[in-house]
1. Would you check which residues across region 79-102 are under 13 Å from residue 115 (Cα atoms) and of a type outside the set (D, E, K, R) and list them?
2. Could you count how many residues in region 51-74 are modelled with pLDDT under 90 and closer than 18 Å to residue 116 by Cβ?
3. What pairs can you find where one residue is in region 120-135 and without any contact (Cβ under 8 Å) to a residue 24 or more places away in the chain, the other is part of a strand (DSSP E or B), and their Cβ atoms are less than 9 Å apart, with a gap of 6+ or different chains?
4. Given region 1-116, what helices (runs of 4 or more DSSP H) lie entirely inside it while holding 3 or more residues that are open to solvent by 80 Å² or more (accessible area, probe 1.4 Å) and over 18 Å from residue 134 (Cα atoms)?
5. What residue, among those in region 118-149 that are surrounded by fewer than 16 Cβ atoms within 10 Å (Cβ to Cβ) and of a type in the set (A, V, I, L, M, F, W, C), is modelled with the highest pLDDT?
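The values are calculated or read from the model by the stated rules, or taken from the named source; none is laboratory data. Quick caveat: nothing in here was measured; it's all calculated off a predicted structure. Note: ideal-geometry Cβ built from the backbone for every residue, glycine included; neighbour counts use all protein chains shown. Please note that ligands, DNA and RNA were not included when accessible areas were found on the heavy atoms of the full protein model with its side chains. Shrake-Rupley method; radii C 1.70, N 1.55, O 1.52, S 1.80 Å.
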Amino acid sequence: MSELTRFSVSLEADLLGAFDKYVRDGAFATRSEAIRQLLRQTLTRDAFDADDAPVTATLTIVYDHHRPHLVEKLLDVQHDHANRVIASMHVHLDHDRCMEVIVLRGPGEALRNLAAAIRGLKGVHTGTLALAGAGGPGHDHPHPHPHPH
């Protein structure tokens with residue numbers, strides 16, 4: 001954990017009131033905790049948009065598992081991007097539809113392109129790419145490590 005540094009912020013009364021409501025509604029322990037979360041979200045989104053730093057994200061899709069060859073195509077795309085796909089979870093929603101949550105890691109543009117490739121398959125009803133955070137365990141560069149990951 002880093003050393004804490006204190007700083008002050010000046011806000012208009014109505015903005016502070018709205019922020020305090022956000023803190024209460026979000027059940028944050030303190031204003032500082034809310035500010036930390038907002039800063040992390042903004043910095044992660046900026047890294048995702050700038051495509052210069054690895055981010056971790058989830059792609060949640062709902063699809064028709066009866067669509068011919070769709071499951072095979074989904075698996076092929078994921079295997080073709082094995083360096084970006086960290087894990088997945090499959091859920092049967094009903095007789096016709098399945099949901100899959102795919103955990104991804106890599107540069108923002110690569111993840112956006114992978115999500116677009118999956119969402120564009122016929123039979124995929126919805127696909128939502130959501131940022132989870134900057135970086136994450138593991139990384140992309142070619143050198144040996146003394147431990148597996």
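1. Correct list: 81, 85, 101, 102.
2. Qualifying residue count, region 51-74: 2.
3. Pairs that qualify, where the first residue is without any contact (Cβ under 8 Å) to a residue 24 or more places away in the chain and the partner is part of a strand (DSSP E or B), are 120/127.
4. Here the list reads 13-25, 70-80.
5. 130
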